[in-house]
Amino acid sequence: LIRTTGWKKSQVFRFCVDIAIMAAYKVLGYPHLSMALDLGAVYSKAELESRCSGTPQRKAQLEAKLKDRTLFSPVPLEKAFNRKRKAETQRKPQWVRSPALSQAKKVDDFTGPRRRIAEKMAGDILEAGKIKEKDLLNVLKAWGSYDNKRRKNVRRRDDKPVFSDTFGLVGPRGSPKPVMTSMSKKYPNVTELMNRWFLSSVGRKSFFWTSISLNIDYQAARHRDRNNLGPSAIRGLGKYRGGHLRYWKRDPLTCKVEHLKKKDSILLDIKRKIHYFDGRKAHEVTHKSGQRISLVFFCVQRSEKMSAALRRRATEMGFSLPTSAWIEQAT
């Protein structure tokens, strides 16, 4: 590569790392590793490794099989997200399990397997070092989510599903102290990846956050987030149009959100850059087309009361926890 491209060694190393992390393979023959693969289908490397879990010997066998071009053909990771046409899915053995990523037609299809795949992908990226936006987007595209029944304030009248997951700290009702969400406990690599990407993107030491809201493909209704503390940061990812954040910067907080007038709001194009806003003031998402993924970084109340062990764990995951002086000023 150095001779043919003229690249520096560091560029060649990064190129090889990108291939290793973001690899996908088309199955040409059976590797005989009891993986229930579908011939002709494309699997991400993370899914292949998850299907071949077990002893280090089995993983070594898979690595050797992946180099056999009569069994596997490397392809761009984007092909792992392509859905099969109906004609291609017929007449296959009953024991075959098609790829979770290409089979998923909705955000909540194959949620468990997709989350495990995303966690493995995130771990590989973190181990490699530098985090690119496209790497993060691929992990979030792989992620699956359930309809979040608890977020009633963002649900529209049409009652469409709210695919939203919270990572980091939350303040349970009736509890004086925040706790770590089950999402971050189960998927620490995905949590850390979002944090490391955000920190590298903003480079701001004066912004603090304890939590992340991952929102996929839904249009949030007009609402206020009353349990937030201080400013929030938001960024949109994916191929979509519209989906701006309508924000009432001068919200008086003395009336219902339905009574606010659109002419008093501003539109934030979150696809282009990170925007900061006060989540305690009214905001909503405008109509969009395409898949819109948004990340909201914010601070929960009572974060100063977290235990020392929880503070250490959150810091290890990449959260930038607020100082006592900042909390006093934001309250």
> How many residues are open to solvent by 90 Å² or more (accessible area, probe 1.4 Å), under 25 Å from THR331 (Cα atoms) and not hydroxyl-bearing (Ser, Thr, Tyr) when one looks only at the stretch 251-274?
Replying inline: 2
> In the set ILE293, ILE327, which member is touching a strand residue (DSSP E or B) at 6+ places or on another chain (Cβ under 6 Å) and β-branched (Val, Ile, Thr)?
Replying inline: ILE293
> Restricting attention to the stretch 60-73, which residues are loosely packed, with under 14 Cβ neighbours inside 10 Å and under 23 Å from ARG115 (Cα atoms)?
Replying inline: GLU63
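Would you mind stating whether PHE207 is open to solvent by less than 30 Å² (accessible area, probe 1.4 Å) and farther than 30 Å from LYS106 by Cβ?
In short, yes.
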> Taking ARG246, is it in contact with a strand residue (DSSP E or B) (Cβ under 6 Å, 6 or more places away or on another chain), basic (Lys, Arg) and closer than 30 Å to PRO176 by Cα?
Replying inline: no
> Pick from the stretch 232-250 the residues that are free of Cβ contacts under 8 Å to residues at least 60 places away in the same chain and in contact with a helix residue (DSSP H, G or I) (Cβ under 8 Å, 6 or more places away or on another chain): which of them is least open to solvent (accessible area, probe 1.4 Å)?
Replying inline: TRP248
> Identify, please: which residue in the stretch 161-185 is more than 15 Å from ASN227 (Cβ to Cβ) and of a type outside the set (Ser, Thr, Tyr) and is, among those, most open to solvent (accessible area, probe 1.4 Å)?
Replying inline: LYS185
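Let's see how each residue does on (1) at pLDDT 80 or above; (2) of a type in the set (Gly, Ala, Ser); (3) out of contact with any Pro (no Cβ under 6 Å at 6 or more places or on another chain):
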site: LYS9; (1), (2), (3): no, no, yes
site: ILE19; (1), (2), (3): no, no, yes
site: MET22; (1), (2), (3): no, no, yes
site: GLY29; (1), (2), (3): yes, yes, yes
site: GLN57; (1), (2), (3): yes, no, yes
site: LEU66; (1), (2), (3): yes, no, yes
site: LYS86; (1), (2), (3): no, no, yes
site: THR89; (1), (2), (3): no, no, yes
>> I need a count of the residues in the stretch 142-160 that are open to solvent by 60 Å² or more (accessible area, probe 1.4 Å) and under 18 Å from the mean Cα position of the chain (by Cα).
In response: 1
> Yes or no: ARG196 open to solvent by 50 Å² or more (accessible area, probe 1.4 Å) and closer than 30 Å to ALA128 by Cβ?
Replying inline: yes
> Looking at the stretch 259-269, which of its residues are assigned to a loop (DSSP other than H, G, I, E, B) and in contact (Cβ under 8 Å) with a residue 12 or more places away in the chain?
Replying inline: LEU260, SER265, ASP269
>> Here's a check for you: in the stretch 275-320, which residue that is open to solvent by 30 Å² or more (accessible area, probe 1.4 Å) and part of a loop (DSSP other than H, G, I, E, B) is farthest from LYS160 (Cα to Cα)?
In response: SER307
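The values are calculated or read from the model by the stated rules, or taken from the named source; none is laboratory data. All figures in this text were calculated on a predicted structure; none of them were measured in a lab. We place every Cβ from the backbone using ideal geometry, glycine too, and count neighbours over all the protein chains shown. Note: areas computed on protein heavy atoms with side chains; ligands, DNA, RNA excluded. Shrake-Rupley method; radii C 1.70, N 1.55, O 1.52, S 1.80 Å.
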